[in-house]
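Here the structure comes first, spelled out in structure tokens, and everything after it is commentary.
Only the coordinates and a few stated rules stand behind these numbers; no lab work does. Values in this document were obtained by computation on a predicted structure and should not be read as measured data. Methodologically, a virtual Cβ is constructed for each residue, glycine included, from the backbone with ideal geometry; neighbour enumeration extends over all protein chains shown.
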């Protein structure tokens, strides 16, 4: 039987990753496991037009601080639910490899990750962090697709908009 002591939940702050966090929290609650919330910041992000290349280091530092603050808020919410939660902000150009590296370093028993559902040329061009995590992680990976409720809501909104 699977013994869960530590569940890693990669967070990119999208609705999909927050839904995956809810699933990770549910599993953590059932198994008495700790949740490790992880966000990866790119080493050399595309700088906004109003940021000078000379300020690149400060900009990256600001991104790291912002990510840490947002993760801390999510961890605090999990703790209010009676869960053990920690955070980690990584920095890498390959988010999937940083997630896997963190899972190995932290001895995660499970990774709970969302897929954004990219298909076609977008998936070919951008790849999939989730696919790479599934292929390279040493521990089990639970992949969650977009929720059916969210998908049916979008379909209803599109149908409503096109029929008017």
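Judged by the mean number of other Cβ atoms found within 10 Å, the most tightly packed of the peptides 23-33, 76-86 leads the ranking 23-33, 76-86. Here the simple spin-label model places points 7 Å from the Cα toward Cβ, and for residue 31 and residue 143 these points are separated by 1.9 nm.
Want the number for residue 131 to residue 84: 0.36 nm per residue separation, take away the alpha-carbon distance, what's left?
Roughly 14.2 nm would be gained on extension.
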